[in-house]
Every structure is written in structure tokens, then in C-alpha cells.
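The structure appears below as C-alpha cells.
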4 protein chains.
Amino acid sequence: MTQLDPRRKPRQSRSRATVDAILQATAQVLVRDGYQKATTNRIAERAGVSVGTLYQYFPNKDALVVALCEQHSDEMMTLLSASIAELQDATAERATRVIVRAMLQAHAVNPELHEAIISNLPKEKQFEQILAVNAQAEAMVRVFLEHHRERLATDNIDMAAFIVVNTVEALTHAAVIERPDFLGTEELVDEITRLICRYLLK
Amino acid sequence: MTQLDPRRKPRQSRSRATVDAILQATAQVLVRDGYQKATTNRIAERAGVSVGTLYQYFPNKDALVVALCEQHSDEMMTLLSASIAELQDATAERATRVIVRAMLQAHAVNPELHEAIISNLPKEKQFEQILAVNAQAEAMVRVFLEHHRERLATDNIDMAAFIVVNTVEALTHAAVIERPDFLGTEELVDEITRLICRYLLK
Amino acid sequence: MTQLDPRRKPRQSRSRATVDAILQATAQVLVRDGYQKATTNRIAERAGVSVGTLYQYFPNKDALVVALCEQHSDEMMTLLSASIAELQDATAERATRVIVRAMLQAHAVNPELHEAIISNLPKEKQFEQILAVNAQAEAMVRVFLEHHRERLATDNIDMAAFIVVNTVEALTHAAVIERPDFLGTEELVDEITRLICRYLLK
Amino acid sequence: MTQLDPRRKPRQSRSRATVDAILQATAQVLVRDGYQKATTNRIAERAGVSVGTLYQYFPNKDALVVALCEQHSDEMMTLLSASIAELQDATAERATRVIVRAMLQAHAVNPELHEAIISNLPKEKQFEQILAVNAQAEAMVRVFLEHHRERLATDNIDMAAFIVVNTVEALTHAAVIERPDFLGTEELVDEITRLICRYLLK
DNA sequence: TATGAATGAGGTTTCATTCAT
DNA sequence: AATGAATGAAACCTCATTCAT
């Protein structure tokens with residue numbers, strides 16, 4: 001396995017800005033051209049630096065993508081984590097709504113980048129960070145299911161979790177990509193919440 | 001735009017066999033090594049022919065992938081189409097079950113290949129054929145929704161279609177890939193059917 | 001460790017010729033420009049082929065050098081081996097002369113290449129093959145010392161072997177490089193033989 | 001031709017210390033990593049200064065190596081020169097012993113560095129300074145041969161000088177590198193002295 | 001038709017050197 | 001004087017594609 005960690009932590013503000021420019025350029029090129037055509041030269045050019053500079057901070061192309069995934073999933077995780085607290089004492093409907101809204105917000109952070117990462121990156125390169133977001137979402141759902149266990153319409157919790165997690169993930173992901181027109185009002189959240197609640201609860 | 005159609009329609013059986021071998025090899029290499037490492041030389045080698053021969057039947061690498069997508073989506077479409085007839089006079093629950101089961105069967109045709117196509121191929125190469133499958137599924141759902149319009153719990157048919165199509169697609173796809181243990185019994189079909197029906201119907 | 005073996009054994013005569021051209025070009029460029037400046041592009045150009053062709057037969061630059069070392073040391077070893085038989089029943093003086101002459105001939109095979117390999121290659125790249133030649137020479141000397149043990153002026157055979165091997169190696173190597181004018185007559189062989197015999201024998 | 005002299009003669013003691021640190025770092029990196037991996041950045045880092053500082057004292061990488069060779073050969077030369085005086089009135093055996101011992105001491109000054117210079121540096125970079133050591137050694141031998149001309153067993157002084165110089169050089173070099181265990185006692189000096197004397201003298 | 005040797009543009013990565021601070 | 005971020009030419013290597021046999 002090759003090295004994936006950044007090469008040096010930039011301490012001066014000049015290099016801090018350089019690293020930011022490189023990551024931003026990586027995101028843009030990834031979105032515009034896809035993983036395959038996202039060459040390090042193109043990224044460097046887009047960032048307004050030379051390739052050499054890029055390689056001062058990242059040992060190879062994948063390290064670049066990893067750093068980007070990390071940054072992106074941090075942003076998503078922050079939103080999800082903020083909602084976890086709200087789950088505790090909420091009713092089942094309220095909790096469902098919280099989860100759905102959190103997932104929608106998380107996916108709306110940077111939908112094109114998310115899409116580029118999820119469906120352009122070779123599978124073996126969809127790094128831990130991104131998978132961690134789904135793990136986090138699944139954890140939220142399990143907390144929910146445990147907490148409301150006695151009200152559930154099913155006792156196959158394993159399958160219910162599978163269904164809920166994949167459904168919410170798929171719908172929120174598809175919505176931000178394909179139907180941004182659905183995002184203006186609360187209606188989509190209402191509908192997904194209803195979908196989940198009617199399925200889960202007696 | 002480059003040429004994407006196969007170069008010669010193979011009419012003789014020897015040629016036919018060669019083309020089949022090449023497509024099969026493409027699928028295998030795609031699944032085993034991913035799109036990036038699926039070089040034309042490797043595919044030819046796996047197919048037991050020379051690169052030259054490969055290029056006699058396919059003008060370039062993309063044509064190879066297009067043909068494979070076409071073949072794969074044909075197989076999926078066949079399964080879906082077979083079920084459409086059953087929708088006409090069925091109850092809403094019955095029709096939902098038919099759609100869900102058809103989607104599950106369609107995804108089970110060659111899950112690894114489907115996965116390789118969906119999540120390894122650069123987005124711009126996920127050609128019409130594959131998208132057509134989803135279009136077909138969506139058509140089935142619309143037929144269903146129109147037919148049972150008066151029983152629906154919602155009147156935003158657009159959003160309902162979006163939700164149903166994406167949910168069924170996501171769950172059947174995820175199931176064949178991640179949870180083959182769910183496929184032995186009818187339970188998963190039961191659950192997804194319940195999920196959809198409870199959501200849609202008054 | 002990276003792969004060092006050649007990539008494909010050339011079977012057709014066309015590719016056999018290509019491989020020969022590449023190896024020959026490698027030798028020439030190594031001699032003319034040294035290891036550092038012997039770039040694969042320069043070697044390919046000198047061989048009259050494209051880089052791609054070079055890489056069809058050799059997986060990387062070092063594999064090229066290894067193959068060359070192998071070829072070169074084979075030639076040297078052949079000469080040394082041919083002389084080993086003569087050692088058996090010879091007098092000490094005669095045997096010494098045989099070894100010295102064999103070493104001189106071996107070093108004269110392609111002195112510039114030998115020099116380029118020995119003193120231009122980074123130490124960690126002076127591959128087994130070349131070292132094997134010295135091992136072979138040392139083996140010859142040990143056979144000699146064992147055989148004439150009772151006539152030796154010293155009983156520290158270890159140190160005697162060290163001295164003889166290094167002396168003969170250094171003198172024959174230096175002669176072909178620095179003093180080709182010494183090679184026309186038998187005089188140099190006479191002198192080295194005398195040097196060794198006077199030292200070794202009572 | 002590029003500039004090879006150090007950029008500024010450091011007169012102040014702080015600069016002097018910096019230059020020393022850089023040269024010492026060069027030697028260490030050369031020994032540890034070899035010429036190829038001895039990058040200027042790595043050397044600067046090892047020396048505890050920035051690359052910029054390194055380039056304030058040395059105009060380019062070669063100047064660095066030249067300075068190092070110079071320093072190293074100065075140390076060796078000092079040892080050799082000290083022994084020349086002793087040659088004048090010594091017997092042939094005594095003089096031989098003096099030369100051999102001096103060469104051994106000279107090679108023992110910093111064997112790893114000597115080895116790194118001799119066998120890792122591209123030939124064209126083994127600068128005058130290092131060659132000067134051999135010239136000095138050869139000069140000593142010639143003084144010796146002239147002085148004892150009437151006792152020599154050969155009248156081909158040219159060839160005798162070639163043999164003696166190369167033999168002593170090779171043996172002392174090989175000994176410090178490969179057989180440090182030979183260096184504890186006087187025995188190796190005894191043996192080499194005997195080798196040379198028996199060869200040279202009637 | 002089939003072969004597979006050959007091509008070469010283009011990708012990733014390194015490192016001696018410069019220069020603004 | 002010192003720093004270290006930035007440069008970019010040039011090295012190694014891959015792979016879609018061609019074409020002589």
C-alpha cells in the first residue's frame with residue numbers, strides 16, 4: 001500500500017492558502033472531469049501552482065483524493081453529529097424527521113462532489129472517511145430502532161435497519177442530485193418521514 | 001464523438017463465438033480488476049485472442065463497454081418486461097409485489113457486473129442502455145400509480161414516483177450486493193412491498 | 001523489491017532482433033553516458049525503437065541493466081570455466097599462469113562495459129551476476145591453494161586467498177582499462193605470475 | 001562547464017560551522033543513501049539548515065561533492081606526505097613497509113566515505129582531488145623504484161610501477177572495506193610487504 | 001481474418017535550483 | 001544571512017491503437 005497521508009502540514013499562511021487552493025482545484029476537476037481525467041497536472045494548473053508544489057504537500061494523486069474525502073466527510077459528519085443529540089427524547093416521528101432532515105442537509109453540503117466521489121471513484125478508492133458517513137447514519141438508525149423497539153411493526157431489526165438506512169440514503173442522495181426542485185419546501189422531508197414511519201411503526 | 005457501434009455484425013458462427021468470448025472477458029476483467037485496470041490487452045488475453053482481433057470487432061475500448069452494457073441491460077429488461085403484463089388487472093398490493101420481485105430478479109442477473117458498471121465506470125460512460133433500465137422501472141411505477149390513482153394517499157404523483165422508484169432500485173441493488181443472505185426467502189419482498197404499500201395507499 | 005526479470009521471451013525473429021538492439025543500445029549508452037544519464041528514452045532512441053517497445057520486453061530500467069550484466073558475466077564466466085579444467089594437474093607456476101591469463105581474457109571481453117558496470121552502477125545495483133564472476137575467480141584460487149598447500153610459504157590461507165584474488169582482479173582490470181599497450185605480449189602475464197608465485201611458494 | 005568552487009570563503013566562525021555541517025551531512029547522506037538518493041534537500045535537512053542556506057555556500061550539487069572529495073583527499077594526502085620523508089634513507093624492505101602502512105592508514109581515514117566516492121559517484125565526478133591521491137601514491141613508488149633501481153629484478157620499471165601501485169591500492173582499499181578483521185595486527189602489512197619485495201627485488 | 005510487435009502521447013512523480021520574505 | 005515555498009524540466013512508465021506479416 002502506498003502512502004496516503006499528506007506530506008507536510010503547512011504552517012505559514014502562504015502555504016495554508018496553497019493547500020486550500022489545491023484541494024479546491026481537486027474538487028472542481030473531480031466534479032468537472034471525473035477521477036480518470038483528473039490528472040495531477042490539470043489539478044495543479046487549475047489551482048494556479050506547479051505540479052512540484054502539489055507534490056510538496058501530497059505524496060501522490062490518491063493522497064489528494066483522500067484528503068478531499070476527509071474534508072468532505074468531516075463536513076457531512078458535523079451535520080449528522082449535531083442532530084444525534086436531538087434523537088434522545090423525541091417521539092418516533094420526530095426522531096425520524098430529524099434523521100431524514102440531517103441526511104438531506106448532509107448530502108446538500110456539496111452534492112456534485114459527493115456524487116463525484118461516490119460514483120466516479122473506483123470502488124477500492126472510496127476511502128474510509130466516506131464510508132464512515134454511512135456508518136454514522138446507520139448508527140443513528142440503530143439508536144432509533146433500539147429506543148423504539150416496542151413500537152416496531154417488525155421484529156427482524158436487522159432487515160428493518162437495512163431497509164431504512166438504504167432508503168433514506170438513496171432518497172436524500174438522489175434528491176440533491178436529480179431533484180433539487182424538491183428541496184425548497186419541507187414536503188420531501190414529510191414524505192420520506194411518512195414512508196419510514198408507516199413502515200416501521202405498528 | 002467517437003464511433004461506439006461494433007465494427008461488423010458477426011453473422012458467421014465463428015465470429016459470433018469470438019465476439020462472445022471478448023464480451024465475456026470484458027465482463028470478467030471489469031469485475032475482477034475494475035475499469036482502470038481493464039486494459040484492452042488484458043481483455044484480449046483473457047478472451048484468448050490477440051488485441052488485433054479485438055479491434056477487428058470493436059473500434060475502441062468504449063464500444064466494448066457499450067456493447068457489454070447493452071447486453072447486460074437487455075437481460076435485465078427482458079425480466080422487467082415479462083412482468084409488465086401482470087400489472088394490468090392486479091390489486092395494488094399484488095402489483096407492487098410484482099414490481100419489487102421483478103427488480104430483485106433483474107438485479108440478480110449478474111450483480112457483480114451490475115455493480116462494476118454502476119460504480120466503477122466513469123459517469124459519462126454509463127450509457128443509455130443502463131439508464132434505460134431505470135426508465136423502464138419508472139415506467140412500470142407510473143403505470144401502477146395511474147392505475148391506482150384514486151387509492152393513493154398523496155396527490156403529488158411526481159414525488160411519489162421519485163420516492164418509489166429510487167427506493168425500490170436502491171433496496172434491490174443493495175440487497176444483491178451486500179445482503180445475499182436476504183434473498184433466499186420471500187421475506188425481503190414482503191417487507192419492501194409493505195414499505196411501498198403503506199406509504200402509497202390510504 | 002521490484003521485478004527484474006525480462007517481461008517476455010521473444011519468439012519471433014523480429015522481436016529477437018529488437019531485444020538484441022535494445023541490449024546493445026543499453027551497453028553503448030551505459031558506456032558513453034553512465035548509469036545516471038542512461039535514460040530509457042535515450043536507450044530506446046539509440047536502439048531505434050520507441051520506449052513502449054522497450055517496456056514490452058523489460059519491466060523497468062533495472063531489468064535492462066540486469067539482463068546486460070547477465071549477458072556480460074556469462075561471457076566472462078565462459079572464459080573462466082574453460083580454464084578450470086586445466087588447473088588440475090598443472091604445476092603451481094603453470095596453474096597461476098592459467099588463472100592470470102583467464103582473468104585477463106575475461107576482463108578483455110568488453111572492458112568499457114565492465115568498467116561502466118563496476119564503477120558507474122550504484123553499489124546496490126551491482127547484481128549477482130557480476131559478483132558471481134568474482135566468486136568464480138575466488139573459487140579457482142581456493143582450488144589452487146588447497147591443491148598446493150604443502151608448497152605454500154604461509155599457513156594463513158585465508159589472508160593469502162584475499163591477497164591473491166584481489167591482486168589478480170585489480171591488475172587485470174586496471175590493465176585492460178588503463179594500459180591496453182601491456183596486452184600485446186605475454187610480458188604482463190609473466191610478471192603477474194611471478195608476483196603471485198614468489199609470494200605464495202617457499 | 002558549471003561553477004564548481006564554493007561560493008564564498010567563509011571567514012566568520014558561524015559560517016565556517018555551517019559549511020562544516022553541510023559537508024558532514026553530505027558525507028553521511030552519501031554513505032547512508034548513495035549518490036542517487038543524496039538530494040540537496042535531504043542533505044540540507046540532515047545538516048539542520050535550509051536548502052537556501054546550502055545554496056548560499058555551494059553554487060550547485062557538484063560543488064558540494066567536489067568540496068567533500070577535496071576535504072577527504074586532503075586528509076589522505078596528509079598521511080601519505082608524512083611518510084615520504086621516511087623513504088629516503090630506508091632499506092628497500094623498510095621503504096616498502098612504510099608505503100604499505102601509509103596507504104593502509106590513508107584508506108582507513110574514512111573507509112565508507114572513500115568507498116562511497118569511489119564506487120557510487122559517476123566516474124566523471126570522481127574529481128581531480130581523489131585521483132591526486134593515487135598520483136601521490138604512484139609518485140612515492142617511483143621514488144622508491146628509482147632509488148633502488150640497481151637491486152630490482154626487472155628493468156621494465158613502467159610495468160613494475162603499474163603493478164606495485166595497483167596492487168597496494170587494491171589491497172589496502174579492499175582490506176579496510178571487506179576485512180577490517182585484518183587490520184588489528186601487523187600481519188597484513190607484513191604480507192603485502194613480502195608480496196611486493198619478493199616481486200621487485202633480486 | 002488473425003496476429004502481436006510496435007508506437008508515442010500523455011500520465012505520475014522527482015529534484016536541482018530560485019527567490020520573495 | 002537564512003528560510004522554505006515554489007518552480008518546471010525531465011525522468012519513468014502505461015496503454016489505446018495501428019499495421020506489417
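The values are calculated or read from the model by the stated rules, or taken from the named source; none is laboratory data. Note that the structure is predicted; figures quoted are calculated from it, not measured. In this analysis, Cβ positions are derived from the backbone assuming ideal geometry, glycine residues included, and neighbour counts consider all displayed protein chains. In case anyone asks, the SASA skips ligands and DNA or RNA and just uses the protein heavy atoms, side chains included. Shrake-Rupley method; radii C 1.70, N 1.55, O 1.52, S 1.80 Å.
The packing ranking of peptides D:74-85, C:26-37, D:34-45, highest mean first, is C:26-37, D:34-45, D:74-85, where packing means the average number of other beta carbon atoms within 10 angstrom of each residue. Each part gets one Cα centre, and for segment A:1-74 versus segment C:76-93 those centres are 63 Å apart. A simple count of charges around A:Arg194, restricted to other residues whose Cβ falls under 11 Å of its Cβ and scoring Lys, Arg +1 and Asp, Glu -1, yields -1. Given +1 at the Cβ of Lys and Arg, -1 at the Cβ of Asp and Glu and no other charges, the dipole of the protein assembly as shown around its Cα centre is 1280 debye to the nearest 20. What the phi angles of segment A:113-122 give under the Karplus curve with 6.51, -1.76 and 1.60, with θ = phi - 60°, is a coupling list of 5, 4, 4, 4, 5, 5, 10, 10, 6, x Hz, glycine and proline written as x. Other protein chain C-beta atoms within 10 Å of residue C-beta, averaged over C:35-47: 1.
Over segment B:13-59, what is the relative contact order in whole percent, taking alpha-carbon pairs under 8 Å and six or more residues apart? Contact order relative to length: 35 percent. Probing with 1.4 Å while keeping every protein chain in the model, the per residue accessible area of segment C:13-59 equals 50 Å².
Taking all Cα pairs closer than 8 Å and separated by 6 or more residues, the relative contact order of chain B comes to 22 percent. Annotation: amide H-H contacts under 5 Å for B:Leu201 (H modelled 1.01 Å from N, sequence separation of 5 or more, or interchain): B:Ala153. For segment B:58-162, the share of accessible area belonging to carbon and sulfur comes to 52 percent (1.4 Å probe, ligands and nucleic acids excluded). Please compare each pair in C:Lys37/D:Lys37; A:Lys61/A:Lys123; A:Lys61/D:Lys61; C:Lys61/D:Lys61 to a cut-off of 19 Å on the Cα-Cα distance and tell me which ones are over it. As for pairs spanning more than 19 Å Cα to Cα, those are A:Lys61/D:Lys61; C:Lys61/D:Lys61.
Per residue of chain C, the DSSP helices (runs of n ≥ 4 H) give a summed -39500 (n - 2.57) that works out to -25000 deg cm²/dmol at 222 nm.
Each residue of segment A:186-197 is assigned a 3J(HN,Hα), and the resulting list reads 7, 4, 5, 4, 3, 5, 5, 4, 4, 3, 5, 5 Hz, derived from the Karplus form 6.51 cos²θ - 1.76 cosθ + 1.60 (θ = phi - 60°), x at Gly and Pro. Remark: the C:Asp155-C:Asp20 segment gains 43.7 nm on full extension, using 0.36 nm per residue and subtracting the alpha carbon distance. State, to one decimal in nm, how far the label point of A:Glu146 lies from the label point of C:Lys123, with both points 7 Å from Cα in the Cβ direction. Label at A:Glu146, label at C:Lys123, 6.0 nm between them.
Contact order, relative form, for segment B:86-202: 42 percent (alpha carbon pairs under 8 Å, 6 or more residues apart, mean separation divided by residue count).
Taking a point 7 Å out from the Cα of A:Ala132 in the direction of its Cβ, the residues of segment A:68-95 whose backbone N falls within less than 20 Å of it are A:68-85.
Interface residues of segment A:133-168, defined as those with an accessible-area decrease of at least 10 Å² between the chain by itself and the complete set of protein chains (probe 1.4 Å), are A:Ala153, A:Thr154, A:Asn156, A:Asp158, A:Met159, A:Phe162, A:Ile163, A:Asn166, A:Thr167. Each copy carries C:Glu124; placing its label point 7 Å along the C-beta direction from Cα gives inter-copy distances of 2.5, 2.5, 4.1 nm, listed from smallest up. Straight-line reach from C:Lys125: taking Cα to Cα under 16 Å and skipping same-chain neighbours fewer than 8 places apart, the aspartates and glutamates in range are C:Asp5, C:Asp62, C:Glu70, C:Glu115, D:Asp33, D:Glu115. One residue of chain C places its C-beta nearer than any other to the axis carrying C onto B; that residue and its whole-Å distance are C:Gly52, 3. What the phi angles of segment A:90-98 give under the Karplus curve with 6.51, -1.76 and 1.60, with θ = phi - 60°, is a coupling list of 7, 5, 4, 4, 4, 4, 4, 4, 4 Hz, glycine and proline written as x. Electrostatic tally near A:Asn166: other residues with Cβ closer than 14 Å to its Cβ, Lys and Arg +1, Asp and Glu -1, net -4. Summed over the residues of segment A:86-202 and divided among them, the accessible surface reaches 41 Å² per residue at a probe radius of 1.4 Å. Between copies, C:Arg7 shows label-point distances of 2.2, 2.8, 4.3 nm, shortest first, with the point placed 7 angstrom from Cα along Cα to C-beta. Taking both sides together, the accessible area buried where D meets C is about 3300 Å² for a 1.4 Å probe.
If Lys and Arg each add +1 and Asp and Glu each add -1, what is the summed charge of the other residues whose beta carbon sits under 13 Å from the beta carbon of A:Leu87? Here the charged neighbours net out to 0. Looking at C:Phe182, C:Ser15, C:Ala90, which one has the Cα that reaches farthest to the positive end of the dipole of chain C (charges on Cβ: Lys, Arg +1; Asp, Glu -1)? My answer, from the dipole projection, is C:Ser15.
Near the amide H of B:Leu121, within less than 5 Å, lie no amide hydrogens of residues on another chain or at least 5 residues away, with H placed in the peptide plane. Taking a probe of 1.4 angstrom, what is the accessible area of D:Val19 in Å², to the nearest 10? Its heavy atoms expose roughly 10 Å² to the probe.
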